[in-house]
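Peer 1: Pasting in a structure now, in structure tokens, and then I'll have a few things to ask.
The values are calculated or read from the model by the stated rules, or taken from the named source; none is laboratory data. Model, not experiment: these values are computed from the prediction. Here the Cβ positions follow ideal geometry from the backbone for every residue, glycine too, while neighbour counts run over all protein chains shown.
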Ligand code: AMP
Ligand code: MG
């Protein structure tokens, strides 16, 4: 993909998706909002993108981020896509409240979409109002930036803007726009949209686009579309393993919410677990637990099988050959996921070498955590203190277990395994602290931030939490409170899409 900026304005756009066939999207500008007010600009991200943060934070910049002014070079579009929502097929979804205003190529050479979420109605809005409420916008800002700081691929938040307009949900809420940045917004559901219409030519155009933008090495393969599927499967296996290793539950892993670029996308009723249990579900709309923490790997595989279906007609060879190849790639997900999970657990347990029993050792700890309602994040973080009690402020994890002896027994097995390693206790403790975060965006804290913003127009807690979560692996003794699980009266049992 050529990396030339189409114009030299404050946002040097070069819009590759808008050059695809017209039936891939609808062209329309965002709907202006009444009184845009910048809540927060992500200056670090603006810098990465090569954008002028001072301009973006100015009134003229805020007008652009709110969708009230279309900058030079922007080609605003709402993308078409379909999807399986909770397993049920929906032939047309699309950007119902989001507008892709353009793409920029950052200082790092990576092309990214600048996308306004909550930008008004589009031809894909169905019954929705096209808007977003402040709470979910702050939630997505916090959780996506935390995910980035934890080292996982994710869409990011460039800005949050209050619109000065109410949105009607169960009650009146303040409205907002989130400026979301992504390596692209092509979803599994984007492929499905064309497949469902029998538009194989469009599937091929889209696949070629995705290869050029995200998987250029696939172009050199004998069977580029099989190579594409293989590469997407690889990235998803790694991503979902990464989620499990930080205790993240996406909450709505519909095929329209799965990015083919392998980023975490569409933060709705997502949540990080406090105490560990594989059946954990927070989403108010996930009655069957389809997207529970522990179901995420098979669901990802199911979604990828839908992508495989879409790519079959354009893969090389006979239909039977293509099917066999696609099936093998999809079947391979389980192994690739397990490999990623094992490597991640080895890091979390401070193991420098790989041994056959390591996955079982990690799973044994998880099982004991589930039986003892032990906090996921603090248990792993506390492992460093077991090794190096003088070195940290993390606290002894045995106290997180209802029956501390269950943890002690496991530590015996872990120590025996560590005997096979050459690291000094200090090296080991440092490795453990680098692999196990102290801070995650806990639901009760995110809720408290939203309450302050919604009820009192107070964004200080939002700023504070973002600052803490930007350094999740640092001890930050002064912010110890932010590391703690909720008190019984603070527990958040359910999360909502807020759409
Ligand atoms: P989500 O659950 O956020 O992944 O959204 C599913 C679909 O509903 C997508 O097509 C969204 O664009 C659409 N949607 C969600 N909220 C709204 C809204 N307030 N107005 C219009 N469309 C919406
Ligand atoms: Mg979505």
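Peer 1: Any residue that is closer than 27 Å to residue 290 by Cβ and within 16 Å of ligand 2 (Cβ to nearest atom) - is there at least one of those in region 192-210?
Peer 2: Looking through region 192-210, at least one residue is closer than 27 Å to residue 290 by Cβ and within 16 Å of ligand 2 (Cβ to nearest atom).
Peer 1: Please work out which one of (1) out of contact with any strand residue (DSSP E or B) (no Cβ under 8 Å at 6 or more places or on another chain); (2) away from ligand 2 (no atom under 16 Å from the Cβ); (3) closer than 30 Å to residue 362 by Cβ is the condition residue 253 fails and give its number.
Peer 2: Result: residue 253 passes all but (2).
Peer 1: Among (1) within 17 Å of the chain's Cα centre (by Cα); (2) more than 16 Å from ligand 2 (Cβ to nearest atom); (3) within 21 Å of residue 271 (Cα to Cα), where does residue 112 come up short?
Peer 2: Here residue 112 clears every test but (3).
Peer 1: Of the conditions (1) under 22 Å from residue 344 (Cβ atoms); (2) buried (at least 17 other Cβ atoms within 10 Å of the Cβ), residue 479 clears all except one; give me its number.
Peer 2: (1) is the only condition that residue 479 fails.
Peer 1: Looking only at residues in region 265-294 that are away from ligand 1 (no atom under 16 Å from the Cβ), closer than 12 Å to residue 253 by Cα and modelled with pLDDT of 95 or more, which one is surrounded by the most Cβ atoms within 10 Å (Cβ to Cβ)?
Peer 2: 293
Peer 1: Is it true that residue 142 is buried (at least 21 other Cβ atoms within 10 Å of the Cβ), in contact (Cβ under 8 Å) with a residue 24 or more places away in the chain, touching a strand residue (DSSP E or B) at 6+ places or on another chain (Cβ under 6 Å) and not assigned by TED's automatic domain parsing to the domain that holds residue 257?
Peer 2: no
Peer 1: Output the residues belonging to region 247-262 that are in a loop (DSSP other than H, G, I, E, B) and closer than 19 Å to residue 86 by Cβ.
Peer 2: Hits for region 247-262 are 250, 251, 252, 253, 254, 258.
Peer 1: Separate question: Just to be sure, is residue 202 buried (at least 24 other Cβ atoms within 10 Å of the Cβ) and in the same structural domain as residue 312 (by TED's automatic domain parsing)?
Peer 2: It is false that residue 202 is buried (at least 24 other Cβ atoms within 10 Å of the Cβ) and in the same structural domain as residue 312 (by TED's automatic domain parsing).
Peer 1: Looking only at residues that are closer than 11 Å to residue 177 by Cα and in contact with a helix residue (DSSP H, G or I) (Cβ under 7 Å, 6 or more places away or on another chain) in region 129-139, which one is surrounded by the fewest Cβ atoms within 10 Å (Cβ to Cβ)?
Peer 2: Among them, the one singled out is 135.
Peer 1: Then there is this: Which of (1) in a loop (DSSP other than H, G, I, E, B); (2) in contact with a helix residue (DSSP H, G or I) (Cβ under 9 Å, 6 or more places away or on another chain); (3) more than 15 Å from ligand 1 (Cβ to nearest atom) is the odd one out, the single condition residue 157 does not satisfy?
Peer 2: Here residue 157 meets the rest and fails (1).
Peer 1: Further question on the same structure: Going residue by residue through region 258-266, is there one that turns out to be within 16 Å of ligand 2 (Cβ to nearest atom), assigned by TED's automatic domain parsing to the domain that holds residue 289, more than 10 Å from the chain's Cα centre (by Cα) and closer than 14 Å to residue 154 by Cβ?
Peer 2: Yes, that holds for at least one residue.
Peer 1: Is at least one residue of region 349-361 free of Cβ contacts under 8 Å to residues at least 12 places away in the same chain, farther than 30 Å from residue 221 by Cβ and either in contact with a helix residue (DSSP H, G or I) (Cβ under 8 Å, 6 or more places away or on another chain) or in a helix (DSSP H, G or I) (or both)?
Peer 2: Yes: one or more hits.
Peer 1: Look at region 86-99 and say how many of its residues are closer than 14 Å to residue 29 by Cβ and more than 12 Å from ligand 1 (Cβ to nearest atom).
Peer 2: Total meeting the criteria: 0.
Peer 1: Give the number of residues within region 59-75 that are in contact with a helix residue (DSSP H, G or I) (Cβ under 6 Å, 6 or more places away or on another chain) and free of Cβ contacts under 8 Å to residues at least 24 places away in the same chain.
Peer 2: Selection size over region 59-75: 1.
Peer 1: So in region 12-26, with the set limited to residues that are closer than 12 Å to residue 102 by Cα and touching a strand residue (DSSP E or B) at 6+ places or on another chain (Cβ under 7 Å), which one is surrounded by the fewest Cβ atoms within 10 Å (Cβ to Cβ)?
Peer 2: Residue satisfying both the conditions and the ranking: 16.
Peer 1: Considering each of 212, 219 in turn, give the residue that is in the same structural domain as residue 331 (by TED's automatic domain parsing), away from ligand 1 (no atom under 16 Å from the Cβ), under 21 Å from residue 323 (Cα atoms) and in a helix (DSSP H, G or I).
Peer 2: Sole residue among the options that is in the same structural domain as residue 331 (by TED's automatic domain parsing), away from ligand 1 (no atom under 16 Å from the Cβ), under 21 Å from residue 323 (Cα atoms) and in a helix (DSSP H, G or I): 219.
Peer 1: Turning to a different aspect of this structure: Across region 263-292, what is the total count of residues that are assigned to a loop (DSSP other than H, G, I, E, B) and closer than 24 Å to residue 179 by Cα?
Peer 2: The qualifying residues number 7.
Peer 1: Return yes when residue 44 is within 21 Å of the chain's Cα centre (by Cα), modelled with pLDDT of 95 or more and over 26 Å from residue 190 (Cα atoms) and no when it is not.
Peer 2: For residue 44, the condition - within 21 Å of the chain's Cα centre (by Cα), modelled with pLDDT of 95 or more and over 26 Å from residue 190 (Cα atoms) - is met.
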